[in-house]
Amino acid sequence: MLKLNFVYEESCARLHIEGLPDYSQGHNDQQLGILSLWRLELIGTTELEGKLEHLKSLMLVVMQYSRYCLSGINKSFGGETSPVSISQNNGKHQLILRSSQVNIEPMKLLLDDSELADLVRCLDSLRLDPRVKVYWQLPRNEPLSRQERSAKASKLKNFATPFLGVLSFVLIMVLGIVVPVPEESIIPTDPKEQISESS
């Protein structure tokens, strides 16, 4: 049986998948319907590999997470029991991969924005490749709910109000120190005129 190998590569990421056509679904020799193995290489990390369920979980959490990041909302995806989870950590993106085998510690990777973007592009290329006939079980892309958007707006508003108050106070103090106070003009008077005015 013909084994298929597809590679999706970006600057910081390289995703390699292997599999076979699923002839029971009417696939031809150039269509991959049964994914047997995937390998992911990220610069500066060890090579990751796994089965279809791990790749599906990786794609699900990373695609959803990156969508929220683009909207400026920090939200974690994947729980402690999920094969893959991702969250923000000190300005970076922490990706945790958990093995299905017992007594193996989870692998933690810290990605910067460019590494995350390259990973998303690789996953997007795989997801949109017409030769790969795998159902990824991704949710539909729909606009963020009003509640999620308003939560972000209220956080910004709560931060902006005290910041503007402190900034205004500092500006007034600086202006008070820098701008010179005009001196009152003193008009010299003749003592004789003062006596005649008093009388």
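Read-outs throughout are calculated quantities, based only on the coordinates presented, and are distinct from any laboratory measurement. Since the structure is predicted, the reported quantities are computational estimates derived from the model, not experimental observations. Cβ placement follows ideal geometry from the backbone for every residue including glycine, while neighbour counts extend to all protein chains displayed.
Couple of notes before you dig in:
- Here the extension length gained between Gln30 and Leu164 equals 42.2 nm, from 0.36 nm per residue of separation less the Cα-Cα distance.
- Charge-dipole axis of the stretch 4-137 as Lys and Arg at +1 and Asp and Glu at -1 on Cβ define it, positive-most pick from Leu40, Pro106, Gly79: Gly79
- Segments 106-116, 132-142 sorted - mean Cβ within 10 Å per residue, highest first: 106-116, 132-142
- In the stretch 1-110, GluC sites (Glu not before Pro) in a DSSP loop with at most 10 other beta-carbon atoms within 10 Å: Glu47, Glu80
- In this rough spin-label picture, where each label sits 7 Å from Cα along the Cβ direction, the Val7-Glu142 distance is 4.0 nm.
- Each Lys and Arg Cβ is given +1 and each Asp and Glu Cβ -1; about its Cα centre, the stretch 4-137 then shows a dipole of about 380 debye.
- Label separation (Ile172 vs Tyr68): 4.0 nm, computed from points 7 Å beyond Cα along the C-beta direction.
- Pairs exceeding a 19 Å alpha-carbon distance, out of Lys56/Lys133; Lys3/Lys56; Lys108/Lys133; Lys75/Lys133: Lys3/Lys56; Lys108/Lys133; Lys75/Lys133.
- Sorted ascending by nearby beta carbons within 10 Å, beginning with the fewest, Ser99, Ser145 become Ser145, Ser99.
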